Every structure is written in C-alpha cells, then in structure tokens.
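Report on the following structure.
The values are calculated or read from the model by the stated rules, or taken from the named source; none is laboratory data. This structure is a prediction, so every number in the text was calculated from the model and none was measured. Positions of Cβ are backbone-derived with ideal geometry, glycine not excepted, and every protein chain shown enters the neighbour counts.
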Amino acid sequence: MSQAMDAVRSKAVKGPGLKVPGVVVLQFLLIFIFEILEYSFTKVGFFTGLAILTSFLGGLYLGRPGTSFTNAVNPPIALLISTLIIMATVGGIGFSPSKVGLELITSLSSVAPWLIVGAVIAWAAHFALQRKYSRE
C-alpha cells in the first residue's frame, strides 16, 4: 500500500499543494456542482457518486501532506450540506420537516455505496500516509 501511495504522491502537483481549506472547498464545490446538475434533471445518483469518488481522489492527489484526514472526513459532510442547500432552493421542497427528512434519506441512500467505497479508499490512504510519515 505504501508504494501505491508513493506513486500517487509522486504524480501530484508540483509545489506545495492545497491546504486543508482548499481541500474542503474543492470537495464541496465538486460535489455541489454535480449534485445540482443531476438533481435538476433526475434524482441524485450515478454522477454525484462519481463526483464523490473524484473528490476523495482529488483531495488525495492535490492536497499537501497532512491533509489526508480532512480528505477522508469532508465529502460526507459536504454532500449533506449541499443536499440541504439544493433541496431548499432548486428542489423546491423548502424546509418542511416531513418532506426534508424523506427527501434527505432518499438522496443520501442513493449515493451511500459511493460514499462507502470512497471512505474506505480515503481512510486506507490516510492510515498508510500516517504510518509512512511516522517512520520518517
């Protein structure tokens, strides 16, 4: 696993990379843009899931060393916040408690497999990088 992480970091952008706030903004915007596009035409699903995986990998690829914890934690939170914003604006649901709860569970359950796969990858990368940096 360490060799794979070294290969990813060696191909990363030259220069310092994104700090923690940059990783958070990158992931939120990527998820938000794809989710709003997909929510405008259908319900949340495949393309939002790909955006979630891309945000996990993009944070790993573009982030500085030490941002892997934020990379692993942020996408589910970004998805929740962007879903609430979209439901209140584009979705037309507003903040009716009965409709928000049902729509939120439906939206989050449709991308749950993508979140789980991305989280497994991101946490494995975080622990591999943490082990690598503790040895140095």
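See the values below:
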{"read-out": "Selection from segment 109-136 of residues that are surrounded by fewer than 17 Cβ atoms within 10 Å (Cβ to Cβ), closer than 19 Å to Gly45 by Cα and touching a Leu at 6+ places or on another chain (Cβ under 9 Å)", "value": "Val117"}
{"read-out": "Residue identified as under 17 Å from the mean Cα position of the chain (by Cα), part of a helix (DSSP H, G or I), without any contact (Cβ under 8 Å) to a residue 40 or more places away in the chain and surrounded by 19 or more Cβ atoms within 10 Å (Cβ to Cβ) among Leu80, Leu84, Leu30, Leu37", "value": "Leu30"}
{"read-out": "Every pair of residues 6+ apart whose Cβ atoms lie under 6 Å, when the first sits in segment 100-128 and is closer than 18 Å to Ala72 by Cβ and part of a helix (DSSP H, G or I) while the second is of a type in the set (A, V, I, L, M, F, W, C) and modelled with pLDDT under 90", "value": "Ala125/Leu60; Ala128/Met1; Ala128/Met5"}
{"read-out": "Contacts under 8 angstrom Cβ, first residue in segment 55-66 being touching a residue at least 60 places away in the same chain (Cβ under 8 Å), partner among the charged types (D, E, K, R), 6 or more apart", "value": "Pro65/Arg9"}
{"read-out": "Qualifying residue in segment 65-86 (condition: of a type in the set (S, T, N, Q) and more than 21 Å from Phe34 (Cα to Cα))", "value": "yes"}
{"read-out": "Number of positions in segment 87-99 that are assigned to a helix (DSSP H, G or I) and either farther than 19 Å from Phe34 by Cα or in contact with a His (Cβ under 8 Å, 6 or more places away or on another chain) (or both)", "value": "3"}
{"read-out": "Qualifying residue in segment 31-41 (condition: under 21 Å from Lys19 (Cα atoms) and in contact with a helix residue (DSSP H, G or I) (Cβ under 6 Å, 6 or more places away or on another chain))", "value": "yes"}
